[in-house]
Amino acid sequence: MTYTAWILLTAALVGLSCGLIGVFLILRKTAMMADAISHTVLLGIVLAFLVTKEVSGPAMLLGGILAGLITALLVQWLQSLKVQHDASMGIVFTTLFAIGVILIATSAGNAHLDVQHALMGEITFIPFHTITLPLAGDIPMATALLMIVLFVVLFFIAAFYKEWKITTFDPALAASIGIPVAAMHYLFMGLVSVTTVASFDAVGAIMVVAMLIAPAASAYLWTDKLSVMLILSGMFGVSAAFTGYVIAAWLDTSISGSMAFATGIFFTVSFIFSPKHGVIAKAVKPAV
Amino acid sequence: MESAILIAENVSASYRKNTVLHNVNFKVNQGTLTGIIGPNGAGKSTLIKTLLDLHPRLSGSVTFFQQPFKKAKKRIGYVPQRGSVDWDFPTNALDVVTMGLYGEIGWFKFPSRKHKEKAYEALKKVGMADYADRQISQLSGGQQQRIFLARALVQNADLYFMDEPLAGVDAQTERAIMFILQELKRNGKTVMVVHHDLQTVADYFDHVLLLNRTVIGHGKTEEIFTKENIGKTYGGNMRWLIGEEEKNVVPSYH
Amino acid sequence: MWSLLITSNTQWVFFSTMMLGIAAGVIGCLSYWKRQNLMSDALSHAALPGVVIAFLLIGEKNLLVLVIGAAVSAIIGAFSIQWITTWSRISEDAAMGMILAVFYGLGIMLLTIANRSFGGNQSGLDSFIYGQAASMVKSDVMTMLVLAFVVLLVVFLAYKEWKIFLFDPQFAKGIGLSIRGMSILYTSVLVIAIVIGIQAVGVILMAALLIIPAVSARYWTQSFRMMLMLSALFGGVSGLFGTLISATGKSLPTGPFIVVVAAAIFIISLILGKEQGVLLHYFQLRMQRKKANAIGTKERSIT
């Protein structure tokens with residue numbers, strides 16, 4: 001495969017995984033948790049790096065997941081102490097992120113890892129770090145990781161489809177019929193973390209938030225069916241990734257930044273033109 | 001022979017500093033239809049949530065069918081307040097009713113045709129069969145409440161808790177819901193309903209549980225739902241509408 | 001390295017980050033009661049494209065101009081969030097997350113272009129991402145101080161209006177206070193507090209300075225006036241000590257240290273605070289449980 005093809009494949013994988021996970025972020029009204037986790041995952045990655053002294057996929061993945069779960073736990077804990085929900089998030093993620101940046105600046109400074117890279121992502125370098133897999137041959141490490149993560153995400157969404165649905169729609173009923181609502185919450189936060197870590201290399205900490213939220217929010221304006229929303233969101237994610245790549249090539253600028261920007265274009269179009277929930281549709285037929 | 005299927009002893013619960021419920025004791029017999037009555041902030045919803053382990057219990061014990069909640073879960077149905085969910089959720093009426101069966105379906109399995117049929121039957125019962133494919137965001141408040149009731153019906157529980165099922169519904173829905181609750185009772189089911197409208201209590205419920213942080217009175221409606229007890233439950237916040245019947249009372253803030 | 005601390009420019013930098021902390025602490029209290037804690041996070045990220053566009057337009061790093069660019073861009077972000085939530089079924093947190101990330105993405109796109117056309121990191125714009133107080137020159141400090149002062153003055157002069165606007169907007173309306181006007185004023189002071197901080201603290205962590213001191217202050221008092229003062233104090237201390245610590249090392253970013261100091265104050269407040277602090281609450285809960293059990297036993301022994 002050519003250099004560009006690898007980049008496009010990687011971008012598409014990010015768009016797809018994030019698009020799928022994003023649907024539940026939007027419906028569970030925890031979109032800002034994605035923002036929080038995407039920041040704290042940095043700390044997890046840095047710690048994994050400091051412990052293993054190398055940039056290795058599995059260790060970073062593990063560190064990221066742990067950081068994500070710890071974030072979710074801390075936010076829940078602060079909330080149980082009556083701190084406002086959004087304030088809890090704000091406190092936890094800024095603090096953990098700050099610690100992450102300090103660790104990078106002081107101890108991991110000149111090594112492989114720099115803040116710039118972690119925050120911006122460098123999809124252009126991805127094709128250079130390859131690993132050799134039995135059947136597929138040489139494939140970029142980040143791409144392989146994203147494939148596994150996409151598979152994991154698909155598996156969990158499919159396997160617990162009805163449980164996601166009920167715990168999202170009506171957690172009180174779910175709890176009363178014996179579905180472990182809290183466990184599902186943390187499982188979901190784990191999935192968000194995994195997706196974020198895997199997407200880090202490609203799009204960085206903050207742009208992954210765009211990938212997680214915007215395609216799903218766009219899809220939410222087009223359909224009233226959960227399954228359709230999942231498919232649409234995945235499609236929007238992939239399309240935004242491609243569009244972003246084209247824009248970046250055209251303006252010769254940051255690919256990850258352009259991808260985040262492209263998700264915004266998709267949302268703007270949906271926001272204005274969606275036949276059901278778009279601004280035009282509402283202006284024409286105000287009484288719904 | 002009457003048998004107590006729900007026993008609450010010395011139950012108390014709090015939100016941080018404030019005790020919402022303290023020393024709540026009551027027993028509920030099978031085949032009764034009980035209205036839980038009390039002013040705003042009396043802890044009615046909290047009581048249900050505490051009984052169902054949805055809210056932490058500070059003290060006391062609760063048994064259902066002589067068992068702890070965890071073991072009796074399958075025999076208990078719960079209808080949360082309509083406002084507690086987001087009706088913009090992308091799904092249709094039939095699907096929401098099917099959710100009542102999720103516990104029974106079990107992990108890793110999808111609802112089968114049989115389950116959908118069961119859900120459809122329940123929709124029919126609440127007069128919503130024509131709306132099965134309707135997106136839930138497009139339903140009126142009364143219709144949404146009926147969907148919730150249908151979802152409880154498919155659970156086929158022996159004991160139901162309903163949190164204000166009649167709040168903000170149209171008269172037709174109110175009649176339909178009450179008809180179904182009476183039918184449940186006739187079939188030997190037990191139903192406990194949080195209710196706001198004092199004027200209809202005597203018509204709707206054979207038992208009442210007067211609650212204001214603790215149990216003020218509990219028993220047969222005609223014995224317990226007296227002017228004196230209601231006054232005790234609502235404290236001073238009461239304006240008596242001197243009508244022909246004593247039950248015509250409304251809280252002053254309505 | 002301590003000699004660094006004595007130079008007059010550094011003193012000014014300390015003073016300005018302290019003032020920044022005070023201003024942010026005060027505005028943070030307003031956000032806290034408006035229950036919009038994360039709005040500051042969204043708006044600070046949304047400020048980035050404005051900074052870069054302003055820089056591209058004038059071609060040099062003049063803080064006042066960059067701050068104006070940042071403010072314009074943050075306000076567009078604020079309006080976008082409002083449009084999205086009023087005109088569609090997207091909830092506020094999703095709208096905030098989206099605006100935050102999309103604007104930031106645009107900022108990075110432009111930043112890459114700016115860095116390319118002005119050669120490497122010559123522009124020094126990178127300090128707007130993580131915050132680098134040491135890179136501030138005297139004119140920057142002056143700009144910051146003046147704006148921080150304006151923000152404080154606005155809150156101080158309209159103190160009672162803020163109070164009813166935040167606690168009882170219905171009542172405020174009733175006595176003829178323009179809710180719309182107050183909302184615009186609120187967004188303005190919030191945006192100013194954010195944009196003056198982004199050079200020292202950075203767009204990513206600026207929100208912390210608005211959120212953490214206010215929540216910490218909540219643990220010590222029930223009075224709004226006291227909360228404002230404590231929050232200002234905590235913010236000021238965080239700004240000052242954070243900058244001090246970061247100045248001891250070579251090219252350490254300022255923002256993260258300020259945040260860590262603020263977080264330390266928060267943890268202390270959370271545990272020891274006299275209003276609902278963890279320790280106090282633990283004892284209260286134990287008492288309550290004991291009392292509840294005692295009543296139960298008594299009643300049972302009677303019947």
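Among the residues making up region A:33-75, those that are surrounded by fewer than 17 Cβ atoms within 10 Å (Cβ to Cβ) and either of a type outside the set (A, V, I, L, M, F, W, C) or more than 22 Å from A:Ser107 (Cα to Cα) (or both) are A:Thr52, A:Lys53, A:Glu54, A:Ser56, A:Pro58, A:Leu73. Apart from one condition, A:Ala210 fits all of (1) crowded, with 24+ Cβ neighbours inside 10 Å; (2) on the phi > 0 side of the Ramachandran plot; (3) free of Cβ contacts under 8 Å to residues at least 60 places away in the same chain; the exception is (2).
Looking across C:Asp126, C:Asp140, C:Asp168, one residue alone is at pLDDT below 95 and more than 28 Å from A:Ile104 (Cα to Cα). It is C:Asp168. Restricted to region A:222-235, and to residues there that are part of a helix (DSSP H, G or I) and touching a residue at least 24 places away in the same chain (Cβ under 8 Å), the residue that is nearest to C:Ala42 (Cα to Cα) is A:Ser233. Scanning for something outside any helix (DSSP H, G or I), modelled with pLDDT under 80 and within 10 Å of chain A (Cβ to nearest Cβ), does region C:288-303 turn up at least one residue? Checked region C:288-303: no residue is outside any helix (DSSP H, G or I), modelled with pLDDT under 80 and within 10 Å of chain A (Cβ to nearest Cβ). The number of residues in region A:236-288 being in a helix (DSSP H, G or I), polar (S, T, N, Q) and in contact (Cβ under 8 Å) with a residue 24 or more places away in the chain comes to 4.
Counting the residues of region A:264-273 that are more than 8 Å from every other protein chain (Cβ to nearest Cβ) and either of a type in the set (Ser, Thr, Tyr) or surrounded by 16 or more Cβ atoms within 10 Å (Cβ to Cβ) (or both) gives 4. Consider A:Met211 carefully, then state whether it is within 12 Å of chain C (Cβ to nearest Cβ) and touching a Phe, Trp or Tyr at 6+ places or on another chain (Cβ under 8 Å). Answer is no for this residue.
Quick check on this structure: which one of C:Ile211, C:Ile258, C:Ile268, C:Ile245 is closer than 28 Å to C:Glu161 by Cβ and among the aliphatic types (A, V, I, L, M)?
C:Ile211
Within region B:37-49, residues that are more than 14 Å from chain A (Cβ to nearest Cβ) and under 17 Å from B:Leu198 (Cα atoms) sit with their Cβ atoms under 9 Å from residues that are small (Gly, Ala, Ser) and surrounded by fewer than 20 Cβ atoms within 10 Å (Cβ to Cβ), at 6+ positions apart or across chains, in these pairs: B:Pro39/B:Gly235. Collect the residues in region B:54-68 that are within 14 Å of another protein chain (Cβ to nearest Cβ), farther than 18 Å from B:Gly100 by Cα and surrounded by 15 or more Cβ atoms within 10 Å (Cβ to Cβ), keeping them in residue-number order. If the condition is that a residue be within 14 Å of another protein chain (Cβ to nearest Cβ), farther than 18 Å from B:Gly100 by Cα and surrounded by 15 or more Cβ atoms within 10 Å (Cβ to Cβ), then B:His55, B:Arg57, B:Leu58, B:Ser59, B:Gly60, B:Val62, B:Phe64 are the ones that fit.
Among the residues of region A:218-226, at least one is at the interface with chain C (Cβ under 9 Å from one of its Cβ atoms) and over 24 Å from C:Met109 (Cα atoms).
Restricted to region C:255-284, and to residues there that are assigned to a helix (DSSP H, G or I), more than 7 Å from chain A (Cβ to nearest Cβ) and over 20 Å from the mean Cα position of the chain (by Cα), the residue that is nearest to C:Trp220 (Cα to Cα) is C:Leu272.
Wholly within region C:30-123, which helices (runs of 4 or more DSSP H) include no fewer than the required count, namely at least 1 residues that are facing another protein chain (nearest Cβ under 10 Å) and more than 18 Å from A:Ala34 (Cβ to Cβ)?
On the way: elements: C:39-46, C:48-58, C:63-87, C:92-117.
Helices (runs of 4 or more DSSP H) meeting the threshold: C:48-58, C:63-87, C:92-117.
Consider region B:1-25 and keep the residues that are under 26 Å from C:Leu279 (Cβ atoms) and of a type in the set (S, T, N, Q). The one that is modelled with the highest pLDDT is B:Ser12. None of B:Leu149, B:Leu181 is within 14 Å of chain A (Cβ to nearest Cβ) and either without any contact (Cβ under 8 Å) to a residue 40 or more places away in the chain or out of contact with any Phe, Trp or Tyr (no Cβ under 7 Å at 6 or more places or on another chain) (or both) except B:Leu149. Hey, can you tell me all the residues within region A:234-259 that are surrounded by fewer than 20 Cβ atoms within 10 Å (Cβ to Cβ), within 21 Å of A:Phe125 (Cβ to Cβ) and of a type in the set (Gly, Ala, Ser)? Selection gives A:Ala249 alone.
Conditions tested, residue by residue: (1) closer than 19 Å to B:Leu153 by Cβ; (2) modelled with pLDDT under 90; (3) more than 7 Å from chain A (Cβ to nearest Cβ).
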| residue | (1), (2), (3) |
| --- | --- |
| B:Lys71 | no, yes, yes |
| B:Asp86 | no, no, yes |
| B:Thr91 | yes, no, no |
| B:Gly106 | no, yes, yes |
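Can you name the residue in region C:162-201 that is outside any helix (DSSP H, G or I) and in contact (Cβ under 8 Å) with a residue 40 or more places away in the chain and, of all such residues, is farthest from the other protein chains (Cβ to nearest Cβ)? I'd like the intermediate steps shown before the answer.
Going residue by residue through region C:162-201, those that are outside any helix (DSSP H, G or I) are C:168, C:175-178, C:198-201.
Those still in the list that are in contact (Cβ under 8 Å) with a residue 40 or more places away in the chain too: C:198-201.
Working: C:Ile198: 14, C:Gln199: 16, C:Ala200: 14, C:Val201: 10 Å.
Ranking the qualifying residues of region C:162-201, first place goes to C:Gln199.
Would you confirm whether any residue within region B:167-184 is outside any strand (DSSP E or B), closer than 17 Å to B:Gly219 by Cβ and not β-branched (Val, Ile, Thr)? No.
For beta carbons closer than 8 Å, sequence separation of 6+ or different chains, a first residue in region A:57-86 that is more than 13 Å from A:His185 (Cα to Cα) and a second that is outside any loop (DSSP other than H, G, I, E, B) and charged (D, E, K, R), the qualifying pairs are A:Asp86/C:Asp93.
Considering region C:202-238, the residues that are within 13 Å of chain A (Cβ to nearest Cβ) and in a loop (DSSP other than H, G, I, E, B) include one that is farthest from A:Val101 (Cα to Cα), namely C:Tyr219.
The values are calculated or read from the model by the stated rules, or taken from the named source; none is laboratory data. Keep in mind it's a predicted model, so treat the numbers as computed, not measured. Methodologically, a virtual Cβ is constructed for each residue, glycine included, from the backbone with ideal geometry; neighbour enumeration extends over all protein chains shown.
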